[in-house]
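Below: one structure, written as C-alpha cells.
The values are calculated or read from the model by the stated rules, or taken from the named source; none is laboratory data. Small disclaimer: the values here were computed from a predicted structure and weren't measured. We place every Cβ from the backbone using ideal geometry, glycine too, and count neighbours over all the protein chains shown. Surface areas here come from the heavy atoms of the whole protein model, side chains and all, with no ligands, DNA or RNA. Shrake-Rupley method; radii C 1.70, N 1.55, O 1.52, S 1.80 Å.
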Amino acid sequence: MSTLPAAPARLRYGFGTNGFAHHRLDDVLTVLADLGYDSVGLTLDHGHLDPFAADLPRRVAQLASRLDRLGLAVMVETGAPYLLDPWRGHVPTLMCPSGAERRLDLLGRAVRIAADLGAPAVQLASGPAPEGVPREEAFKRLTGGCEEILETAREHGVALGFEPEPYMFVDTVQRVLELRHRLGDPDLFGVTLDIGHAHCVEDTPLLDCVAAAAPHLVNVQIEDMRRGVHRHLELGTGEIDFPPVLAALKAAGYRGPVSVEIQGAALNAPEVARTSLEFLRAAEPH
C-alpha cells in the first residue's frame with residue numbers, strides 16, 4: 001500500500017522581490033532575512049537583477065555569496081511583464097510568430113542564473129496566445145519552445161516550474177499537466193502553483209487543484225484573492241481559507257518554498273512582508 005511522504009515539520013516561507021520594487025536587492029534580502037523568511041522569489045527584472053546586464057556574472061556571483069551568508073534559499077522567477085517589451089506585457093511569448101527567440105534567450109539565461117545561485121527551479125508561464133492562432137497550433141509552438149528550454153535545464157540540473165496564470169493561454173493546473181504530457185512527462189518539468197490564481201479562475205475547487213499539482217510541485221506562490229478578479233491581495237483580506245491549503249501542502253510532503261507574491265506591496269513592503277509571515281505562521285496547522 002502506498003503512503004504519502006512524511007509532512008515537513010513546517011513549511012518554508014519566502015517573499016517575492018517584485019513586492020519590493022522601491023528597494024535595492026541587497027536591502028530586500030536583509031529585510032527578509034531579518035524578518036525570518038527562509039527564501040526569496042527572485043524576479044529577473046531591470047531593477048534588481050537584470051538578466052541582460054553587461055556585468056551579469058559578477059552580479060550573480062555577489063548575489064550567491066550574499067544569499068549564502070544570510071541563509072536564504074532562492075527561486076528564480078521570469079514573470080516581469082515588461083522586461084522584453086516596454087509597451088505590451090508578457091510578450092513576446094514562445095507562441096509568437098516572431099520574437100519567440102527572445103523569450104527562449106531569457107529563459108535560457110534564467111536557467112543558467114538559477115544554476116549559479118543554487119536555485120532548484122525556474123518559474124515560467126505561457127503568456128497570452130497570439131491573436132488568431134488556433135489552440136492546437138499554440139500548443140505546438142509552446143511545446144516546441146519548452147522542449148528547447150528543457151535541454152538547457154537538463155544541462156544545468158535545474159527544474160522548470162510552469163505556472164498557470166489567469167487569462168493567459170495556460171491558465172489552469174490541468175492545462176499545465178496537458179503541456180507536461182505533450183512533452184513526455186519529463187522529470188524536470190514541474191508546476192508552480194499560485195494559490196490566489198487557482199482561487200481566481202479554476203473551476204476545480206482550490207484543494208483539488210493542490211492535489212492535482214502536488215506530484216509535480218516545485219514552487220508555490222501565495223496571496224489572497226477574490227474569485228474572478230486577478231488582483232494580488234494581502235493575506236486575510238480576500239476570500240481564501242488558508243489553513244486547509246497549508247495543511248494540504250504539508251500532507252503532500254511539499255518541501256519547496258511557499259512564497260508571498262504581492263506586487264502591490266512596494267510602498268509598504270517591509271510591513272507587508274512582516275504581517276504576511278506572521279499570518280502564514282499562525283495559519284499553518286502544527
Mean residue ellipticity (222 nm) of the chain, computed from DSSP H runs ≥ 4 via -39,500 (n - 2.57), nearest 500: -13000 deg cm²/dmol
Dipole magnitude (debye, nearest 20) for the chain, charges at Cβ of Lys, Arg, Asp, Glu: 360
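Per-residue counts of other Cβ atoms within 10 Å, averaged by peptide: what ranking do you get for 212-218, 255-261, 192-198, highest first? Intermediate results must be reported in sequence, preceding the final value.
On the way: 212-218: 19.4, 255-261: 23.4, 192-198: 26.6.
Highest-to-lowest ranking by the protection proxy: 192-198, 255-261, 212-218.
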Whole-Å semi-axes of the stretch 117-222's equivalent ellipsoid (Cα gyration tensor): 20, 19, 11
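Restricting attention to the stretch 166-250, which chymotrypsin sites (Phe, Trp or Tyr not before Pro) occupy a DSSP loop and are surrounded by at most 16 other Cβ atoms within 10 Å?
Values: sites: 167, 169, 189; in loops: 167, 169.
When the chymotrypsin sites (Phe, Trp or Tyr not before Pro) of the stretch 166-250 are filtered for loop state and at most 16 Cβ neighbours within 10 Å, 167 remain.
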Modelled FRET efficiency - R0 30 Å, residue 50 with residue 98, Cβ distances, 0.05 increments: 0.80
Helix runs (DSSP H) in the chain reaching 20 Å along axis by Cα, Kyte-Doolittle at least -0.5: 56-70, 100-117, 269-283
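Of the heavy-atom accessible surface of the chain (probe 1.4 angstrom), what whole percent is carbon and sulfur? Display every interim value, and only then the final one.
Values: 6510 of 12570 Å².
Whole-percent figure for carbon plus sulfur exposure: 52.
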Using distinct alpha-carbon pairs, which all enter the 1/r mean, Kirkwood radius of the stretch 82-133 in Å: 11.9
Cβ-defined net charge surrounding residue 48, 13 Å radius [Lys, Arg +1; Asp, Glu -1]: -2
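Among 168, 225, what's the order by accessible area (1.4 angstrom probe), most exposed first? Don't skip to the answer; put the middle values down first.
On the way: 168 25, 225 0 Å².
Order by accessible area, largest first: 168, 225.
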Radius of gyration and Dmax over the Cα atoms of the stretch 192-286, both given in Å: 12.6, 37
Near-label residues of the stretch 131-145 by backbone N, under 11 Å of a point 7 Å along Cα→Cβ of residue 175: 135, 139
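For the stretch 96-171, what is the accessible area per residue in Å² when the probe is 1.4 Å?
Working: 3220 Å² over 76 residues.
Heavy-atom SASA per residue in the stretch 96-171 reads 42 Å².
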Two-decimal ratio, the chain, of alpha-carbon radius of gyration to 2.2 N^0.38 Å: 0.94
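Grab the beta carbon distance between residue 241 and residue 9, set R0 = 30 Å, and tell me the FRET efficiency rounded to 0.05. The partial results should precede the final answer.
Numbers: r = 23 Å, r/R0 = 0.76.
After rounding, the FRET efficiency stands at 0.85.
Students often check this: by mean Cβ neighbours within 10 Å, which of 74-80, 203-209 ranks highest, and how do the rest follow?
Values: 74-80: 25.1, 203-209: 15.0.
Averaged packing, sorted descending, gives the order 74-80, 203-209.
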Label-point separation in nm, residue 230 to residue 167, each point 7 Å along Cα→Cβ: 0.5
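Thinking of the stretch 87-178 as a set of Cα atoms, what percent of all their pairs are more than 20 Å apart?
On the way: 1385 of 4186 pairs.
Within the stretch 87-178, distances greater than 20 Å cover 33 percent of Cα pairs.
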